[in-house]
Each structure stands twice: as C-alpha cells, then as structure tokens.
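K.L.:
Structure below; questions to follow.
The values are calculated or read from the model by the stated rules, or taken from the named source; none is laboratory data. Given the structure is predicted, the values throughout are model-derived calculations rather than measurements. All Cβ positions, glycine included, derive from the backbone under ideal geometry; neighbour counts span all protein chains shown.
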Amino acid sequence: MSFKELIEYSLISTDKFTITVYSLVATILILVIARVIIGIIQKVFKRRIYSNKNIEIGKSHAIYQLIKYLLWVLAIVLSLETIGIKITFLLAGSAALMVGLGLGLQQIFKDVVSGLFLLFEGNLKLNDIVELDDEVGKVKEINFRTTKIESRDNIILVIPNSKFIDGNVINWSHIQKRTRFYVQVGVAYGSNVELVEKILKECATAHNDISDKPAPFVRFHDFGSSSLDFQLFFWTDKAFEVENIKSDLRFEIDKMFRKNNIQIPFPQRDVHIVQKSAT
C-alpha cells in the first residue's frame with residue numbers, strides 16, 4: 001500500500017462524513033497545537049503578572065480564560081471540518097436541544113455574564129472587603145460563574161456572581177483603604193458630657209489600629225429614653241478586623257467610665273398600677 005493510499009484509507013464512513021487516516025491525524029495535530037499555544041499564553045500571562053505589579057490579576061485571568069475558550073472552540077470547529085462534519089449541520093440538528101439547555105442553564109449563563117462584568121469593570125477586586133446580605137468577607141478569587149469570599153470566621157463562601165450585580169453590595173475598599181466606623185454608648189443623665197467626650201477620644205487615639213488622620217471625633221447622638229447617647233467615630237485601614245477593634249474600644253471605655261464614676265444606665269421603664277376600688 002502506497003503512502004497516498006495509506007493516508008486516504010477510510011476508517012469510518014457514513015452518509016454525512018468520512019474519517020480517514022489523514023483527517024484523524026490532522027485532527028489530533030490541531031488539538032495538540034491548540035493545547036501548546038494555550039500553554040504558551042498561560043506562561044506569558046503569568047510572567048507579565050509577576051514582573052508588573054500594576055496588572056490586575058482578576059482582569060488578566062479573565063482575558064486568559066476568554067482566549068483559552070476561544071482557541072478551544074476554534075480548534076474543535078477546525079477538527080470537525082477536517083473530519084467532514086459541517087458545523088452548520090450540527091447547529092441545525094441540535095437547535096431544539098440548545099433551547100432546552102438554554103432554559104435549564106439560564107441562571108448559570110446569568111452568573112457567567114455577571115462574572116465578566118465584575119472582572120472587566122473592576123468594581124470588585126481581589127482582597128476587597130465587601131458586605132453582602134449582612135455577611136462581611138474578603139474577596140479571595142473571582143471566577144466566571146462564582147466568587148470566593150473568606151468570612152471573618154475563616155469560612156470560604158462560594159457566591160454566584162449575579163448576586164453582586166443584582167444585590168446591594170457594600171465595598172469597604174472601593175474608594176480607599178481607610179474606612180470610617182463607630183461605636184455607640186449611653187451614659188446616665190446628669191453625667192459630665194465634656195468629660196465623656198474627652199474619655200471617648202482618648203480611648204480611640206490610644207488604640208494602635210485607629211488612624212489619627214482623620215482624627216477620631218465624638219457625636220452627641222440623642223437624648224435617649226434612659227441615657228445620653230454618644231457615638232465615637234474613628235478611621236482604620238483594618239476593616240476586616242474592625243469588630244475586634246470595636247471590642248477593644250468597648251473594654252477600654254467601660255474601664256475608663258468606671259475609673260471616672262461615669263455610669264452606663266440600665267434601661268428604665270415607669271410602670272403605673274391603677275387600683276380600682278371595690279363597689
């Protein structure tokens with residue numbers, strides 16, 4: 001058997017297509033070349049990320065994933081064409097199946113599109129501190145369909161990307177790393193409010209994780225039903241650990257109030273008892 005006869009030898013033959021030795025070898029070569037090119041592109045992207053710290057990792061990953069998927073789709077289409085299977089024939093024959101899959105995978109497609117928006121718009125980045133549905137966490141990984149967030153309890157939450165598009169998300173790191181928080185405390189009526197303000201400021205400025213620029217300040221919030229209500233505002237760049245900072249402040253405030261005889265009152269209620277005389 002000559003070489004020409006060998007490469008034209010039919011392995012599988014149907015009415016729609018014929019697989020010869022040549023088409024099989026060509027298909028394998030197309031897939032191998034596609035895999036090699038994808039590997040080279042992956043190394044190039046990794047090298048650029050390591051050498052240039054200004055490149056956003058999330059966006060770079062998204063671009064690489066898109067290129068990879070496009071190359072694989074192109075390789076598969078070329079492979080099918082090489083074998084003799086027309087892609088138009090496949091699309092026409094699987095139209096009904098595609099409609100069914102589209103309806104069943106509608107939410108997945110929505111999450112994928114939302115992931116593309118997140119990656120390319122830059123509203124959500126790696127290591128951002130976000131709050132979603134009363135859950136606070138640090139963004140660890142942004143993928144096409146889901147985003148992984150590490151909660152304060154060191155639990156990894158896998159959240160569909162559509163929740164970040166449709167829901168109300170607070171990104172504490174979006175504008176700047178230094179974020180404002182506050183703790184609230186009430187003191188008894190008749191307390192020295194100037195002394196209360198002084199103590200609250202001293203407690204905040206003494207904490208190592210609280211910024212002095214902007215400086216902490218105190219707001220006389222309200223005349224409560226049983227207390228004078230104050231708010232101590234402060235800035236910190238450790239938003240992820242802010243609950244520990246608030247706890248430290250409350251410990252110190254309680255200690256200083258006891259030292260200066262400032263009382264934190266219990267809630268008070270007046271109860272009136274009306275007695276009816278017997279007739």
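K.L.:
In the range 121-130, which residues are farther than 23 Å from PHE109 by Cα and exposed (fewer than 15 other Cβ atoms within 10 Å of the Cβ)?
P.N.:
Hit for the range 121-130 is ASN127, nothing else.
K.L.:
Go through the range 122-237 and tell me which strands (runs of 3 or more DSSP E), entirely inside it, have 1 or more residues that are without any contact (Cβ under 8 Å) to a residue 24 or more places away in the chain.
P.N.:
Correct list: 135-142, 146-151, 156-160, 217-223.
K.L.:
In the range 131-160, which residue that is in contact with a Lys or Arg (Cβ under 9 Å, 6 or more places away or on another chain), more than 21 Å from LYS110 (Cα to Cα) and among the aliphatic types (A, V, I, L, M) is surrounded by the fewest Cβ atoms within 10 Å (Cβ to Cβ)?
P.N.:
Result: ILE156.
K.L.:
Given the structure, is ASP166 charged (D, E, K, R) and either under 25 Å from LEU124 (Cα atoms) or in contact with a Pro (Cβ under 9 Å, 6 or more places away or on another chain) (or both)?
P.N.:
yes
K.L.:
Another question, if that's okay. Going residue by residue through the range 212-222, is there one that turns out to be of a type outside the set (Val, Ile, Thr), more than 29 Å from ASP237 (Cβ to Cβ) and modelled with pLDDT under 95?
P.N.:
yes
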